[in-house]
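Enquirer: Take this structure, written in structure tokens, and hold onto it; I'll ask about it next.
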Amino acid sequence: MKRADVIIIGSGIAALQTARNLSPDLNVMIITKGNRKGSNSYMAQGGVAAAVAKDDSISKHYQDTLEAGRGHHQEEEVMALVSEGREIILDLMSEGAPFDRQIDGSLSLGMEGAHSTSRILHCGGDQTGRFLIDHLLKTLSDNICWIEEQMVFDLIQDRNGRCIGVKALDRAGAACSYMAPNIVLAAGGTGGLYSSTSNHPTVTGDGMALAFRAGAEIADAEFIQFHPTLLFVEGRTKGLISEAVRGEGAELVNDIGERIMDGVHPLRELAPRHIVAQQIFTQRQMGRDVYLSIDSITNFQEKFPSITDMCIQNGIDLSLGKIPVSPGCHFMMGGIVIDPAGRTNVEGLFTIGEAACSGVHGANRLASNSLLEGLVYGKRLAAWINNQGKHPSQILLEEQEMKKTAKEKETFEVGEFQARMMESAGIIREGAKLQEHLEWLQSIDFQFEEELGNLHPRDVQKYFMWINGMIVTKAALLRTESRGGHIRSDFREEDPAWRKKRIIHRLEDGEMRMWLDEQIKTKIYA
Ligand code: SIN
């Protein structure tokens, strides 16, 4: 058993921003299922939005964020995101973070969907995540200990419910425990629940499932963003084609040459993501193929080096000027409910980044606001923990071994689960299909309070996917309207009666309780 002052689960931008802002007196452990460069953040192409241009302002960035998310926000948190975020970006610049610049030295600012002005900072063209993560990694001090290739499968709580440690499994299936008075979940979203996703394959909502089991409140799980343009080859999505490509002028056309965003939204290709994704999905359902026409973009290869590589690797000849695309799951707007410091309702348990429901994204995240969220909340949480000082922990723990000999359960094939999620709880949902899907999930041999020590290690991942599938499906069934990333074919419009209503889930006495908060309020946890 090892001890630290802070354990961070995950290795994306929020995790690293927390780690580097924690006091060097604190012993910090970062545990990641993959390796330190295996996160969604590392793969981020598009960039970071910040109102740094002379003709921009934090109030414009605030308004665009509210409009994209259809008003389902905690407004004061949105204001904090855009204003604190701007300061953090300026600090990163002065530290030497490698944001792209024009020949004259001014910042190169890109355009993306639903932004009213060019405000997207990027690095290495379309390699923003990689460059930023490399920069943050360089700034970590030696109070950080890395535990890679271990999957946290359970949170350890004392008899008062306080979170005091984690249990993890290594690749060989051996379990070990790590103890700390501060446990930070920065484990990302739920893209891996779906058969088409832009996410790193390791991202299957572990953070949300762990927190739910520990009694944390989960909210807004029905709001899932599908990115409109994933490369689509031989019937499968392969990886992201950044919205920055549309920001540079690429047009969406179908196989008979029609511009598919004509008449759909005044911003056409740069409409909010849920609108573009829905239109591509609808075209594909009508049997049409959809392409990004890149003829008007000069120096495509130079501007988008990693997209160019991905296309070449997948046999796409860019000189023909057309990239085949289809939507895929990209981002979870909801998650574990946090207060402005990153605290959850479970003492000792904190959440930041995509795993958190911070209230800044509403029903649909504005493009390039996610790295910004990780930077803002990572810094805030570190400040809160630093303020508490070292926490004396009196921890007694009985080691519990995973039964490596446990038989695998007959539950589901991961591929089947992902396909069913895509079909029934994907881009366009419908009550009867959601109900049928829920019944399928309910027929699976898992309980909300599984004794994890009795599960075969391979079943733990499936169990987490199942918990998340249940949460998303129940919320999507209950919200009988369309808003942002939640689109119901049987309730096509936004319903004013649902405005600002939030669906919350919590595990109580082994049962999932679900209720409606009538108003989206910022909570303050003790
Ligand atoms: C993109 O490059 O299109 C993705 C950026 C984001 O999700 O904000």
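Enquirer: Calculate, for region 408-520, the solvent-accessible area per residue in square angstrom, rolling a 1.4 angstrom probe over the heavy atoms of the protein chains. Intermediate values should be presented prior to the final figure.
Expert: Working: 4850 Å² over 113 residues.
Heavy-atom accessible area per residue stands at 43 Å².
Enquirer: What ranking of 166, 414 comes out by heavy-atom accessible area, probe 1.4 Å, highest first? All intermediate terms of the calculation are to be shown ahead of the outcome.
Expert: On the way: 166 0, 414 50 Å².
So the residues, ranked largest to smallest area, are 414, 166.
Enquirer: To continue, here is another question. If you count only protein heavy atoms and use a 1.4 Å probe, how large is the accessible surface of residue 274, to the nearest 10 Å²?
Expert: It works out to around 30 Å².
Enquirer: Continuing with this model, one more query. Report the relative contact order of region 367-526, percent, no decimals, based on alpha-carbon pairs under 8 angstrom and at least 6 residues apart.
Expert: Working: 137 pairs, mean separation 32.9, N = 160.
Over region 367-526, the number comes to 21 percent.
Enquirer: Report ³J(HN,Hα) in whole Hz for each residue of region 508-524, in order, from the Karplus equation J = 6.51 cos²θ - 1.76 cosθ + 1.60 where θ = phi - 60°; Gly and Pro get x.
Expert: Couplings: 9, 6, x, 10, 7, 9, 9, 8, 9, 8, 6, 9, 7, 10, 6, 9, 10 Hz.
Enquirer: Also, I was wondering about something else. I'd like to check one number: the per residue accessible area of region 95-204, probe 1.4 Å, reported in Å² as a whole number.
Expert: Values: 3970 Å² over 110 residues.
About 36 Å² of surface per residue is accessible.
Enquirer: Helix by helix through the chain, keep the DSSP H runs that span 20 Å or more along the axis on Cα and average at least -1.0 on Kyte-Doolittle, and give those back in order. Don't skip to the end; give the middle numbers.
Expert: Working: long enough: 75-95 (30 Å, 0.16); 370-388 (27 Å, 0.07); 457-478 (33 Å, 0.34).
Span-like helices, by this rule, are 75-95, 370-388, 457-478.
Enquirer: On to the next question. With every protein chain present, what is the per residue accessible area of region 256-386 (1.4 Å probe, Å²)? Walk me through the intermediate numbers first.
Expert: Values: 4470 Å² over 131 residues.
Ligands and nucleic acids excluded, the figure is 34 Å² per residue.
Enquirer: Kirkwood Rh and Cα-based Rg: tell me the resulting Rg over Rh for region 144-280, rounded to two decimals.
Expert: Values: Rg = 20.5 Å, Rh = 18.3 Å.
Using only Cα positions, Rg/Rh for region 144-280 is 1.12.
Enquirer: While we're here: Report the extension gain between residue 423 and residue 146 in nm, rounded to one decimal, defined as 0.36 nm multiplied by the number of residues separating them, less their alpha carbon distance.
Expert: Gain in length upon complete extension: 95.9 nm.
Enquirer: Taking amide H positions as placed 1.01 Å from N in the peptide plane, with prolines and chain starts having none, which residues 5 or more places from residue 487, or on another chain, fall under 5 Å of its amide H?
Expert: 429
Enquirer: If the convex hull of the alpha-carbon atoms of region 469-520 is projected onto planes in all directions, what is the mean projected area in square nanometres? Don't jump to the answer; show the numbers that get you there.
Expert: Details: hull surface 15.8 nm².
Result: 4.0 nm².
Enquirer: Express the carbon and sulfur contribution to the solvent-accessible surface of the chain as a percent, rounded to the nearest whole number, probe 1.4 angstrom.
Expert: Details: 9430 of 20160 Å².
Looking at the chain in its full context, I get 47 percent from C and S.
Enquirer: Within straight cross-link reach of residue 138, meaning Cα distance under 18 Å, which lysines are found once same-chain residues fewer than 8 apart are removed?
Expert: 37, 379
Enquirer: Bin all alpha-carbon pair distances of the chain at 10 Å intervals from 0 and give each bin's fraction as a whole percent.
Expert: Going from the shortest bin to the longest, the percentages are 4, 20, 31, 27, 14, 3, 0.
Enquirer: What is the extension gain from residue 87 to residue 234, computed as 0.36 nm multiplied by their sequence separation minus the C-alpha to C-alpha distance, in nm to one decimal?
Expert: Numbers: separation 147, 0.36 × 147 = 52.92 nm, distance 4.43 nm.
Between residue 87 and residue 234, full extension yields an extra 48.5 nm.
Enquirer: ³J(HN,Hα) across region 45-52 via Karplus (A = 6.51, B = -1.76, C = 1.60, θ = phi - 60°), whole Hz, x for Gly/Pro?
Expert: With the stated coefficients, region 45-52 comes to 9, x, x, 10, 8, 7, 7, 9 Hz.
Enquirer: Report the equivalent ellipsoid semi-axes for region 261-377 in whole Å, largest first, defined as the square roots of five times the eigenvalues of the gyration tensor built from alpha carbon atoms.
Expert: On the way: eigenvalues 241, 68, 34 Å².
Ellipsoid half-lengths, sorted descending, are 35, 18, 13 Å.
Enquirer: Dipole magnitude of region 452-518 about its Cα centre, charges +1 at Lys/Arg Cβ and -1 at Asp/Glu Cβ only, in debye to the nearest 20? It would help to have the intermediate numbers written out before the result.
Expert: Values: 13 positive and 11 negative charges, 42 e Å.
Here region 452-518 has a charge dipole of around 200 debye.
Enquirer: Hey, another quick one. At 10 °C and 1.306 mPa s, grab the translational diffusion coefficient of region 200-246 from Stokes-Einstein with a Kirkwood Rh over Cα pairs, rounded to a whole number in µm² per second. Write down the numbers at each step before the final one.
Expert: Values: Rh = 13.5 Å.
The diffusion coefficient I find is 117 µm²/s.
Enquirer: Quick one: if you stick a label point 7 Å off each Cα along the C-beta vector at residue 448 and residue 288, how many nm between them?
Expert: Output for this residue pair reads 4.4 nm.
Enquirer: Considering only protein heavy atoms, with the full assembly of protein chains and a 1.4 angstrom probe, order 33, 379 by accessible area, largest first. Intermediate values should be presented prior to the final figure.
Expert: Details: 33 45, 379 80 Å².
Most to least solvent-accessible, the answer reads 379, 33.
Enquirer: Of the peptides 135-142, 209-216, how do they stack up when ordered by the mean number of other Cβ atoms within 10 Å, highest first?
Expert: Details: 135-142: 14.2, 209-216: 23.8.
Listed from highest to lowest mean packing, they are 209-216, 135-142.
Enquirer: Just order 185-191, 334-340 by mean Cβ neighbour count inside 10 Å, highest at the front, would you? Mind showing how you got there, number by number?
Expert: On the way: 185-191: 31.6, 334-340: 26.4.
Packing order, densest peptide first, comes out as 185-191, 334-340.
Enquirer: Here's another thing I want to ask about it. Taking 29 Å as the cut-off for C-alpha to C-alpha distance, list the pairs among 2/33; 409/501; 238/521 that go past it.
Expert: Values: 2/33 18 Å; 409/501 38 Å; 238/521 39 Å.
Distance filter (> 29 Å) returns 409/501; 238/521.
Enquirer: Please state the relative contact order of the chain as a whole percent: Cα pairs under 8 Å, 6+ residues apart?
Expert: Details: 1203 pairs, mean separation 112.6, N = 526.
RCO, the chain: 21 percent.
Enquirer: Take the Cβ-Cβ distance between residue 490 and residue 317 as r, set R0 to 56 Å, and report the resulting FRET efficiency rounded to the nearest 0.05.
Expert: Working: r = 42 Å, r/R0 = 0.75.
Efficiency, rounded to the nearest 0.05: 0.85.
The values are calculated or read from the model by the stated rules, or taken from the named source; none is laboratory data. Bear in mind that the values here come from a model prediction, so they are computed numbers and not experimental data. Every residue, glycine as well, gets a Cβ built from its backbone with ideal geometry; the counts of neighbours run over all protein chains shown. Heads up: the accessible areas ignore ligands, DNA and RNA and are worked out on the full protein's heavy atoms, side chains in. Shrake-Rupley method; radii C 1.70, N 1.55, O 1.52, S 1.80 Å.
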